[in-house]
Amino acid sequence: MDKQLDLLQGTLDMLILKAVSLGPLHGYGVLLRIQQISRDRLEIQQGSLYPALYRLEHQGWIASEWGESENKRKAKYYRLTTAGKRRLLAETENWNRMADVIAGILGTKREEV
Amino acid sequence: MTLWSRARSWVHALFQRSRMERDMDAELRFHMETMTEELLRQGLPHEEALRRARVEFGGIERVKQEGREVRGVNIVDELLQDVRYGQRVLRKSPGFAIVAVLTLALGIGANTAIFSVVNAVLLRPLAVENPARLTYIQEKWQDMFPGFSVGNFTDVRRQSSSFAEVCASHNGGFNLETKDVPERVDGEYVTANYFATFGVQPIAGRVFTSDEDQSGHSRVALVSEKLWRTRLRGDSSIINRQIRISGVPTTIVGVMPKSFDPLLSDTDLWIPAAFSPAELADYDNHYLTVMGRLKPGVTLAQAQSELNVIGERLAVEHPIDDKDRSFRVQSLTTALLGDQRLSLRMMLAAVGFLLLIVSANIANLQLARARTREKEIAVRAALGATPSRIVRQLLAENVVLGLAGGAVGVLFAYWAVAWIVAHGPAEMPRLDQSRIDATTLIFAVGVALFSSFMFGLAPAMRSGSAKLNEILKSAAGTGAGTRDRFRSFLVVAEVALALVLMACAGLLIRSALFVSHVDPGFDTSNVVVGRVGLAGPDYHDPLVGRQTFERIVAAAAALPGVESAAVVSRAPMAGLGSSNGLLAEGVPFDPSKLIDARLQIVSPSYLSTARLQLKIGRDFTAQDTRDRTLVTIINETLARAMWPGQNPIGKRFACCESGPKGRLDPVWHEVVGVVGDVRAWGLDHDVKPEFYVPFAQMPPTAWDWIGRTMDLEVRSRGGAAPVRDLQSIVASIAPAVPIYHLSTMQAKISGTLERSHFDTYLLALFAGSALLLSSIGIYGVLSYMVAQRTRDIGIRIALGASSTRIVSDVLSFGMSLAGIGLVLGVAGALVATRLFASMLYGVRSTDVITFLAVSFILLAVAFLASFFPARRATRVDPIVALRYE
């Protein structure tokens, strides 16, 4: 297993949006899904997950409703709203451009300057 | 972020707080339990699994708190906290809270009550379709605005293109014979398109057809809902049935809704005008009320310029009647309610001032409290409260105060509106519709919030920006800083506003005193007056009418306790009446040379019954009949206008009718007497030219000018007014004819003064409150100043300052505040009083005596308000004062 990375500031929201875009999830499920698709390379503070969920719901990117979990308990499921979909697309594009630029800068060699 | 989701979560935060908390608990518990299960499955023992789950999750309370924060719960929470805190603080200083709430209630209540009246009288649109398009058209002649002649009305209606509809009406009284006692009903003769002009449909039946508006058609009528319910028992089978109105069988064709009162005149009956061919050709009698509905897109100015053109054309076509005559068009709302605007706006301004004074007073109290609360606030700031939070907190406290004051104020306004409706002037239209409703409640809440910010913001801002360490370091205050300068400024403003109100009230009071000393021109004691209208075919003949009145007069004069009786076409204070253009003998005919004078048709006993002062000449006698020389008695104003500086006895003027040779063949009336002026329109109205003509010599057409209606005037020898006897005399001599508006002359005179007395009373009340409040302001600032400077004063006394010296220092500070306020107030009052100069009688708006009097009262009260704190200053014990350190 690779060493776990700390989450970059401001990226948790994006990851949550991505996670619930693949299908409705409860909070614990979001946590698992992110760990699963990052192949456990990201460390997510559980304490910061819920405030982030509430913030995203408050902003209207995700919506929630109560349902039944795999272990037959009542759980709150989050899903992406239409506004959330647009938001995720925009964030993804932003992130990719930013990553390109940063990678370009960091990859610069002395003779290229 | 969508606005909707944010609003939704705030609403949840506010109203579904507990559900949100439950949800959050359930969700987090689910998380912990699922995680624990997972760990158990990995083989950890139960205790260890629980512990690990908790450690990995971190602080649950912190998560919840952050969750609440992002959902905006905190803002709501803090607000509620602030409000609760405000309540607690106010409960702890009940004295301050009670004073503040009561003065606020006074300010807000007065504002709400006056606004309710303004809303009912001025702001509510007339109950007609699209009232903004309705206009009121008048003729204009010699600075007067008489009604239309039928001829002019017909021509204007035909020739103008600015109006979708032009209609006309003239009022008439009708005797309704549906019960045992005949009743007088106010009605209007209207053209058939009257209802279409206003765009109002009857609630039952139909409006008039144009056929019914032709002369000779059998009589039809529309009745008001009120009349229909009270006199016709709300019976819908009344439609198309006949009842007798003023002796004429009349078919009721419809019922108009209660709200339909386009002229605000309590009309109960509408009858087609059905002008006869003679009336249609008449350009000489000006009595029609004319209304027009503007076509879409046409402005008042366009309509006016079109009417100007028509007016010029008519002046050429009818040189005798329409020379120098033009038309004026204005919006119907202005025409009907324009007179009410000035005094109601004045009231609104007055209560607005009162509210400002109240706010300034409470701001002052708050500033004084802020000073003593500085430490408390500094501690809060030291504990981490941000300045904005502190400002919010103090504002919340003020909003609590404001709303409490508003609640009490609305109760007060309920009572005040009931009082105003009961005691307000009857002549003010729609006053009875004033009430506290949703609109006025919204207004009250608005005023409450506005005043909360007015009196709360300044103290709160100061506290919010106060420098922590300075306050915590400072000992019991000594100096007077900028804050006291601000408080002084507030007091000066209060005094200035109070003086403006006092000056206005003072002028009205002086005006009312003037009016009460005006000589009405006749003896008003022991006189009873009532109107009798001999309508109907029985009295069509002027001779029958005159003989009927003569019998009534004779019977009334024979009553025990009655000294004499008479009839007159319009008794003083009865308003209206008809006027004629008079031409003195020897003056060539020219319409601009005519002198407009009010015609009074009287029985020979009138002058002696009313006790008019006969200045020169003789009274009428029973021998002044139509076959003798036509005689007249004129009032002094007419004598001055027509024959300035000459003896008018024996001189003649032409009026009222034409001789056998046509329109310009004069019929002369010889002046046989001159009587003193009578204040016929009210004590506060100027006297107009008047002339008296004996009943037996009246021109036959005059019988219709006066609507076959006369005032019966009876002078008794004292004792109770013989009201019942007069009713039975009229009932026995003229069956089915009521006597109405029956009351004493003195009651009628006070009726005409009702309005100005009401205005005066209210304004005096407001001015008195303003004076009281601003003196409380002065007292508050000085007492506080003395308390703050106890140590300084103690030192001065210890160093030998005399108590006179100390008193005069405090006094002079108080008086200088009052003095500056006074000067500013006088300047403001000079502007303000000019605006309502037209409401004054006998007093100029810059009346020196009034200004001196109110200034003196204000300074005297300010002196008293300063004296008590000053005296307290001399009682400072230097030893106690110095030990304060």
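Looking only at residues in region A:66-81 that are out of contact with any strand residue (DSSP E or B) (no Cβ under 8 Å at 6 or more places or on another chain) and surrounded by 11 or more Cβ atoms within 10 Å (Cβ to Cβ), which one is farthest from B:Leu28 (Cα to Cα)?
First pass over region A:66-81, keeping only residues out of contact with any strand residue (DSSP E or B) (no Cβ under 8 Å at 6 or more places or on another chain): A:70-73.
Still in the running and surrounded by 11 or more Cβ atoms within 10 Å (Cβ to Cβ): A:71, A:73.
Working: A:Asn71: 15, A:Arg73: 13 Å.
Taking the candidates together, the pick is A:Asn71.
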TODO: Select, from B:Ala438, B:Ala426, the only residue that is surrounded by fewer than 18 Cβ atoms within 10 Å (Cβ to Cβ), more than 30 Å from B:Lys375 (Cβ to Cβ) and modelled with pLDDT under 85.
DONE: B:Ala426
- [ ] May I ask you to list the residues in region B:516-532 that are modelled with pLDDT of 85 or more and outside any loop (DSSP other than H, G, I, E, B)?
- [x] B:Val527, B:Val528, B:Val529, B:Gly530, B:Arg531, B:Val532
TODO: Taking the options B:Val181, B:Val220, B:Val185, name whichever one is in contact with a Gly (Cβ under 8 Å, 6 or more places away or on another chain) and either buried (at least 17 other Cβ atoms within 10 Å of the Cβ) or over 13 Å from B:Val253 (Cα atoms) (or both).
DONE: B:Val185
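Inspect all residues belonging to region B:571-580 and state whether any of them is in a strand (DSSP E or B) and more than 40 Å from the chain's Cα centre (by Cα). Lay out the reasoning, then the answer.
First, the residues of region B:571-580 that are in a strand (DSSP E or B): B:579-580.
Okay, now just the ones that are also more than 40 Å from the chain's Cα centre (by Cα), so none.
No, region B:571-580 contains no residue that is in a strand (DSSP E or B) and more than 40 Å from the chain's Cα centre (by Cα).
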Open item on the list: I need the full set of residues from region B:834-856 which are polar (S, T, N, Q) and closer than 19 Å to B:Ile357 by Cα, in order please.
Closed with: B:Ser855
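Residue check: is B:Leu712 surrounded by 20 or more Cβ atoms within 10 Å (Cβ to Cβ), out of contact with any Cys (no Cβ under 8 Å at 6 or more places or on another chain) and under 30 Å from B:Ile108 (Cβ atoms)?
On the way: surrounded by 20 or more Cβ atoms within 10 Å (Cβ to Cβ): yes; out of contact with any Cys (no Cβ under 8 Å at 6 or more places or on another chain): yes; under 30 Å from B:Ile108 (Cβ atoms): no.
Here the answer is no, as B:Leu712 does not meet what is asked.
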TODO: With the checklist (1) in contact with an Asp or Glu (Cβ under 9 Å, 6 or more places away or on another chain); (2) at pLDDT below 90; (3) not aromatic (Phe, Trp, Tyr) in hand, flag the one item A:Leu8 doesn't pass.
DONE: (1)
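For the condition within 28 Å of B:Ser276 (Cβ to Cβ) and either hydroxyl-bearing (Ser, Thr, Tyr) or surrounded by 16 or more Cβ atoms within 10 Å (Cβ to Cβ) (or both), what is the one hit in B:Gly107, B:Gly86, B:Gly151?
Criteria check complete, one pass: B:Gly151.
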Open item on the list: Of everything in region B:129-156, what is within 16 Å of B:Asp324 (Cα to Cα) and acidic (Asp, Glu)? Give them in sequence order.
Closed with: B:Glu139, B:Asp143
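Can you tell me which of B:Leu753, B:Leu765 is more than 30 Å from B:Gln727 (Cβ to Cβ) and either surrounded by fewer than 20 Cβ atoms within 10 Å (Cβ to Cβ) or in the same structural domain as B:Phe486 (by TED's automatic domain parsing) (or both)? Break it down stepwise before answering.
Working: B:Leu753 fails: more than 30 Å from B:Gln727 (Cβ to Cβ).
On inspection, the qualifying residue turns out to be B:Leu765.
State whether one or more residues within region B:768-786 are more than 30 Å from B:Ile806 (Cα to Cα), among the hydrophobic types (A, V, I, L, M, F, W, C) and not assigned by TED's automatic domain parsing to the domain that holds B:Gly173. Spell out how you get there, then give the answer.
Residues of region B:768-786 that are more than 30 Å from B:Ile806 (Cα to Cα), as a first pass: B:768-769.
Going one step further and asking which of them are among the hydrophobic types (A, V, I, L, M, F, W, C), we end up with none.
No, every residue in region B:768-786 fails to be more than 30 Å from B:Ile806 (Cα to Cα), among the hydrophobic types (A, V, I, L, M, F, W, C) and not assigned by TED's automatic domain parsing to the domain that holds B:Gly173.
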Task: Enumerated helices (runs of 4 or more DSSP H) restricted to region A:20-113, each holding at least 1 residues that are away from chain B (no Cβ under 14 Å) - done: A:27-37, A:82-106
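Do we have any residue at all in region A:27-37 that's more than 25 Å from B:Arg19 (Cα to Cα) and of a type in the set (Lys, Arg)? It would help to see each step written out before you state the result.
Residues of region A:27-37 that are more than 25 Å from B:Arg19 (Cα to Cα), as a first pass: A:32-37.
In the following step, the residues that additionally are of a type in the set (Lys, Arg) were identified as A:33.
Yes, region A:27-37 has at least one match.
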TODO: Return yes or no: is B:Gly825 buried (at least 21 other Cβ atoms within 10 Å of the Cβ) and either assigned by TED's automatic domain parsing to the domain that holds B:Arg369 or free of Cβ contacts under 8 Å to residues at least 60 places away in the same chain (or both)?
DONE: yes
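Filter region B:14-27 down to the residues that are surrounded by fewer than 18 Cβ atoms within 10 Å (Cβ to Cβ) and within 12 Å of chain A (Cβ to nearest Cβ) and list them by number. Explain how you work it out, then say what you get.
Step one: of region B:14-27, the residues surrounded by fewer than 18 Cβ atoms within 10 Å (Cβ to Cβ) are B:14-19, B:21-23, B:25-26.
Matches in region B:14-27: B:Arg19, B:Arg22, B:Asp23, B:Asp25, B:Ala26.
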Open item on the list: When you check B:Ser237 against the structure, is it more than 31 Å from the chain's Cα centre (by Cα) and hydroxyl-bearing (Ser, Thr, Tyr), yes or no?
Closed with: yes
TODO: Run B:Ile739 past the list (1) in contact (Cβ under 8 Å) with a residue 12 or more places away in the chain; (2) surrounded by fewer than 18 Cβ atoms within 10 Å (Cβ to Cβ) and report the number of the one that doesn't hold.
DONE: (2)
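Give region B:840-885 a look and list any residue that's hydroxyl-bearing (Ser, Thr, Tyr) and in a loop (DSSP other than H, G, I, E, B), or say none. Before you say what the answer is, go through the steps one by one.
Just the residues of region B:840-885 that are hydroxyl-bearing (Ser, Thr, Tyr), to begin with: B:841, B:845-846, B:850, B:855, B:866, B:874, B:884.
Passing the criteria: B:Tyr841, B:Ser845, B:Thr846, B:Tyr884.
Yes/no per residue for (1) at pLDDT below 85; (2) over 20 Å from B:Arg679 (Cβ atoms):
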| residue | (1), (2) |
| --- | --- |
| B:Asp590 | yes, yes |
| B:Ser605 | no, yes |
| B:Leu612 | no, no |
| B:Arg626 | yes, yes |
| B:Thr632 | no, yes |
- [ ] Working carefully through the options B:Ala853, B:Ala873, find the one that is more than 28 Å from B:Leu102 (Cα to Cα) and modelled with pLDDT of 90 or more.
- [x] B:Ala853
- [ ] For B:Asp213, indicate whether it is under 30 Å from B:Ile739 (Cβ atoms) and in contact (Cβ under 8 Å) with a residue 24 or more places away in the chain.
- [x] no
Open item on the list: Every residue in region B:828-844 that is over 30 Å from B:Trp681 (Cβ atoms) and either in contact with a helix residue (DSSP H, G or I) (Cβ under 7 Å, 6 or more places away or on another chain) or buried (at least 20 other Cβ atoms within 10 Å of the Cβ) (or both), please.
Closed with: B:Gly828
Task: Set B:Ala315, B:Ala350, B:Ala382: member being of a type in the set (A, V, I, L, M, F, W, C) and buried (at least 17 other Cβ atoms within 10 Å of the Cβ) - done: B:Ala350
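Within region B:429-436, identify whether any single residue is more than 20 Å from B:Ala100 (Cβ to Cβ) and among the basic types (Lys, Arg), and answer yes or no. Even if it seems obvious, please write down each step before you answer.
Applying the first criterion (more than 20 Å from B:Ala100 (Cβ to Cβ)) to region B:429-436 yields B:429-436.
Those left that are additionally among the basic types (Lys, Arg): B:430, B:435.
Scanning region B:429-436, I find at least one residue that is more than 20 Å from B:Ala100 (Cβ to Cβ) and among the basic types (Lys, Arg), so the answer is yes.
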Open item on the list: Every residue in region B:709-726 that is modelled with pLDDT under 85 and either part of a loop (DSSP other than H, G, I, E, B) or among the polar types (S, T, N, Q) (or both), please.
Closed with: B:Gly718, B:Gly719, B:Ala720, B:Ala721, B:Pro722
Open item on the list: Condition (residue is under 40 Å from the mean Cα position of the chain (by Cα) and on the phi > 0 side of the Ramachandran plot) applied to region B:553-564: is it met by at least one residue?
Closed with: no
TODO: Can you work out which of the residues in region B:30-72 that are of a type in the set (Lys, Arg) and without any contact (Cβ under 8 Å) to a residue 40 or more places away in the chain is nearest to the other protein chains (Cβ to nearest Cβ)?
DONE: B:Arg62
Open item on the list: Looking at region B:682-701, can you tell me whether even one residue there is aliphatic (A, V, I, L, M), assigned by TED's automatic domain parsing to the domain that holds B:Ala566, surrounded by fewer than 19 Cβ atoms within 10 Å (Cβ to Cβ) and under 35 Å from the mean Cα position of the chain (by Cα)?
Closed with: yes
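The values are calculated or read from the model by the stated rules, or taken from the named source; none is laboratory data. All values derive from a computational prediction rather than experimental measurement. We place every Cβ from the backbone using ideal geometry, glycine too, and count neighbours over all the protein chains shown.
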